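**Q** First, the structure itself, so that you have it in front of you.
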Amino acid sequence: MMRRWPAALLAVLLLGLSGISAAGQGPIRSETRYAGAYTLRIDLYSDPAFTGRRLNFDVVVDASTADQLRSVTLTGSAIPEVGTNASPLRATLSHAGQPVGGFQGYVTPQVRGSYRLHLTISGPAGTNAVDLPLRVAAPTAIPIWFAWSIGLAPLLGLIGFSWGQRSYLARLQAGASPGPPAASTPAAT
Amino acid sequence: MLTRPATTGARDHPFAGERHFRLFAAAALVSMQTLAAVGLGWDIQWHRWLGRDAFLTPPHLIIYTGVVGAGLICIAVVLVETERYWRRVPGVDRTSTVSLLGVFHAPLGFIVAGFGALTMAVAAPLDNYWHQLYGVDVTLWAPFHMMGLIGAGIAYLGAAYALASELVRSRRDGTAGRRVMIFGWPGIALGALFALTAVLRLVRVLMEPSIETFPTWQLGPVEVLTSPIGLTLAVVLTSMAAVVMLRKPGAATLMTFMAALFTATVTLLAPIAVRIVGDASGYTYRLPGHPHINWIQVLLPFAYVLPAIAVDVAYLAELRRWHRMRASIVAGLAGSLPMTAIATILTLDGISSTEAALRMLPASSNELPPQPAFRAIALGALVALAVGAYSGRAGEQLGRIWRLNTR
């Protein structure tokens, strides 16, 4: 029995390493979009994305001439589709360095549902926008009754405390110094 | 041994250090809770105008700073008082602390407030989870919003207990000292009243959906208007507790006025703060136009002063003639009458004027809730009167506990 723990530790280490290597792998979804004179290859690193976690993506912009790529800017946001009760999210984008026209970005969706990644590119060849549909998943939903049971559980504590205070009041009054009788004002304690 | 009379508030009283420590801790606790309340007021406007694009929005940061700060203060007080109890420091004994698990000994208020802060802290990630599932416009009456609000209510009650017990001790032995106002009886009394306003302000926030979105509850075949019931409970309970705790004319009125002033200030400043951050950060507003001050919403909290005046007058007038129980019920009924009228008018106006339901009810996104039927209004008023009478009695008992409790 005692000899099993090194094997278990090894298994945990291997699992951890496999997770790290998976995270270091390339994109799992690539899409190409055309925005006027520009071609955008968008690489997503998770699909579907997950609420509360960064959705990392790369955008590689290409054009027919190198001049058109000079001083190109890219802005982006994740816009919730109809039926997704969420706020628009601005994407954080930065130049990747290499290749020229490469960008790295991320958004952190807060609500599950359908979005579109809206990218606007501006450069010498003009300004254009493209959209890429996104799906965002969330943890499994617990039953509503269970959620209410958890949410209202502190109320039981409050009710119990209030109930205990009734007897506490009786003890307080019993322990209060008797003092002179207050016959004229029955409310006096 | 010659000692200075206690009523002079002598600083060399053996309990003075202990008393100052507790008062300082209670003041810090109320400050942290107030910070969280300011954050909540800002957060409500933030949701309305900007939605919810991250967990740690600026208002959330303020709320959770307040919650964590309050929790840490409670933990610190429990640990310090426990150490002093076992070291037999003068002033820290069974008459000034309660036992927790047989090991910890601390003032009841800080233990209660600590549990409230803990409940709020647990509710925060659960609330985030609920938003991830069901969106940014989850109604306030959602499971983990309620959990957080119940936690806040417990924490606010704890703060009121903490200050009220110091009020009793200072009244009995005068160790708080009268030369320094903030540590003297008037300062502690005002602090206790302000701590009590938090309970009233919280229930007012809690009942907002009943004014804007869900005006009635369907209980089997019966439909009942809810806002008069909840608001009467809050106003009468806190007013009665205030007037009995201090046994001073006008205590309830002063308490509700302080609550109204605080709420009005937050309601006034919150849209401005949203606009400043929204414009500076380039947010897109969800509603037409820019965040603006709604003067009706700013002035509305002062309407709650009227029921408190009724409670004040009725209780003090009837107390001279009647038994305590009868006086508290009469005062409760007196307070519930204006409160019921105000809440009913607010609801009938609130449904159409705020149009909150259009955002909160996606299933019927083109329709506002129907105006409540007369039967629902009448039943709501009747239940509110009954609740008012009961709240008068319960508030009187709570006030009496706060008038006697030294722990």
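The values are calculated or read from the model by the stated rules, or taken from the named source; none is laboratory data. Note that the structure is a prediction, hence the values are computed from the model and not measured. Neighbour counts are summed over all protein chains in view; Cβ atoms, including those assigned to glycine, are modelled from backbone coordinates with ideal geometry. All accessible areas refer to the heavy atoms of the entire protein, side chains included, with ligands and DNA or RNA removed. Shrake-Rupley method; radii C 1.70, N 1.55, O 1.52, S 1.80 Å.
**Q** Within segment B:14-53, track down each residue that is of a type in the set (Lys, Arg) and within 18 Å of B:Leu157 (Cα to Cα).
**A** In the first step, residues of segment B:14-53 are kept if they are of a type in the set (Lys, Arg); the result is B:19, B:22, B:48, B:52.
Listed by number, the list holds a single entry, B:Arg22.
**Q** At pLDDT 90 or above and open to solvent by 50 Å² or more (accessible area, probe 1.4 Å): is that true of B:Leu379 in this structure?
**A** The answer is yes for B:Leu379.
**Q** For segment B:390-404, name all the residues that are touching a Gly at 6+ places or on another chain (Cβ under 6 Å) and open to solvent by 30 Å² or more (accessible area, probe 1.4 Å).
**A** Correct list: empty.
**Q** Separate question: Is it true that B:Asp279 is open to solvent by 40 Å² or more (accessible area, probe 1.4 Å) and at pLDDT 85 or above?
**A** Yes.
**Q** Which of (1) open to solvent by less than 20 Å² (accessible area, probe 1.4 Å); (2) more than 18 Å from B:Leu206 (Cβ to Cβ) does B:Gly148 not meet, given it meets every other one?
**A** Of the numbered conditions (1) open to solvent by less than 20 Å² (accessible area, probe 1.4 Å); (2) more than 18 Å from B:Leu206 (Cβ to Cβ), the odd one out for B:Gly148 is (2).
**Q** If you don't mind, there's one more thing I want to ask. Which of the residues spanning segment B:24-62 are small (Gly, Ala, Ser) and closer than 30 Å to B:Val80 by Cα?
**A** B:Ala25, B:Ala26, B:Ala27, B:Ala28, B:Ser31, B:Ala36, B:Ala37, B:Gly39
**Q** Suppose we filter segment B:7-38 for residues that are modelled with pLDDT under 80 and more than 15 Å from B:Pro90 (Cα to Cα); how many remain?
**A** Adding up the residues that qualify gives 4.
**Q** If you go through segment B:79-96 one residue at a time, how many are in a helix (DSSP H, G or I) and open to solvent by less than 20 Å² (accessible area, probe 1.4 Å)?
**A** 2
**Q** If you take just the helices (runs of 4 or more DSSP H) that sit entirely in segment B:117-230, which of them hold at least 1 residues that are more than 14 Å from every other protein chain (Cβ to nearest Cβ), of a type in the set (Lys, Arg) and within 25 Å of A:Leu156 (Cα to Cα)?
**A** Output list reads B:185-206.
**Q** Okay, next question. Which one of B:Ala273, B:Ala334 is modelled with pLDDT of 90 or more and open to solvent by less than 40 Å² (accessible area, probe 1.4 Å)?
**A** Step by step, each of B:Ala273, B:Ala334 is checked, and only B:Ala273 is modelled with pLDDT of 90 or more and open to solvent by less than 40 Å² (accessible area, probe 1.4 Å).
**Q** Right, something else. Where residues in segment A:22-44 are exposed (fewer than 12 other Cβ atoms within 10 Å of the Cβ) and assigned to a loop (DSSP other than H, G, I, E, B), which of them is modelled with the lowest pLDDT?
**A** Only one residue tops the list, namely A:Gln25.
**Q** Could you check how many residues of segment B:26-48 are in contact with a His (Cβ under 8 Å, 6 or more places away or on another chain) and within 14 Å of another protein chain (Cβ to nearest Cβ)?
**A** Within segment B:26-48, the first condition is being in contact with a His (Cβ under 8 Å, 6 or more places away or on another chain), and the residues that meet it are B:39, B:43.
From what is left, the residues that are within 14 Å of another protein chain (Cβ to nearest Cβ) are B:43.
Of the residues in segment B:26-48, 1 are in contact with a His (Cβ under 8 Å, 6 or more places away or on another chain) and within 14 Å of another protein chain (Cβ to nearest Cβ).
**Q** Looking only at residues in segment A:131-153 that are touching a residue at least 40 places away in the same chain (Cβ under 8 Å) and small (Gly, Ala, Ser), which one is nearest to the other protein chains (Cβ to nearest Cβ)?
**A** A:Ala138
Matching residues to (1) part of a helix (DSSP H, G or I); (2) of a type in the set (Ser, Thr, Tyr); (3) open to solvent by less than 50 Å² (accessible area, probe 1.4 Å); (4) free of Cβ contacts under 8 Å to residues at least 24 places away in the same chain:
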residue	(1), (2), (3), (4)
B:Ala25	yes, no, yes, no
B:Ala28	yes, no, yes, no
B:Thr34	yes, yes, yes, no
B:Gln45	yes, no, yes, no
B:Ala54	no, no, yes, yes
B:Ile63	yes, no, yes, no
B:Gly69	yes, no, yes, no
B:Cys74	yes, no, yes, no
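**Q** Here are some conditions: (1) at pLDDT 90 or above; (2) open to solvent by 20 Å² or more (accessible area, probe 1.4 Å); (3) within 30 Å of B:Leu133 (Cα to Cα). A:Asp47 meets all but one. Which one does it not meet?
**A** If we test A:Asp47 against (1) at pLDDT 90 or above; (2) open to solvent by 20 Å² or more (accessible area, probe 1.4 Å); (3) within 30 Å of B:Leu133 (Cα to Cα), just (1) comes out false.
**Q** Answer with yes or no whether A:Leu158 is within 11 Å of another protein chain (Cβ to nearest Cβ), at pLDDT 90 or above and either under 27 Å from the mean Cα position of the chain (by Cα) or assigned to a helix (DSSP H, G or I) (or both).
**A** Spelling it out, A:Leu158 is indeed within 11 Å of another protein chain (Cβ to nearest Cβ), at pLDDT 90 or above and either under 27 Å from the mean Cα position of the chain (by Cα) or assigned to a helix (DSSP H, G or I) (or both).
**Q** Scan segment A:72-117 residue by residue and report those that are farther than 17 Å from A:Asp62 by Cβ, assigned to a strand (DSSP E or B), more than 9 Å from every other protein chain (Cβ to nearest Cβ) and open to solvent by 50 Å² or more (accessible area, probe 1.4 Å).
**A** A:Thr75, A:Thr92, A:Ser94, A:Tyr106, A:Ser114, A:Arg116 - these are the residues of segment A:72-117 that are farther than 17 Å from A:Asp62 by Cβ, assigned to a strand (DSSP E or B), more than 9 Å from every other protein chain (Cβ to nearest Cβ) and open to solvent by 50 Å² or more (accessible area, probe 1.4 Å).
**Q** Continuing with this model, one more query. Going residue by residue through segment B:64-86, is there one that turns out to be over 20 Å from B:Gln33 (Cα atoms), in contact with a helix residue (DSSP H, G or I) (Cβ under 7 Å, 6 or more places away or on another chain) and among the aliphatic types (A, V, I, L, M)?
**A** No, that holds for no residue.
**Q** Every residue in segment B:179-230 that is under 16 Å from B:Phe24 (Cα atoms), open to solvent by 20 Å² or more (accessible area, probe 1.4 Å) and at pLDDT below 80, please.
**A** Residues satisfying the conditions are B:Val180, B:Met181, B:Ile182, B:Phe183, B:Trp185.
**Q** Can I ask one more? Looking at (1) crowded, with 19+ Cβ neighbours inside 10 Å; (2) within 13 Å of chain A (Cβ to nearest Cβ); (3) touching a residue at least 40 places away in the same chain (Cβ under 8 Å), which is the one condition that is false for B:Leu316?
**A** Every listed condition holds for B:Leu316 apart from (1).
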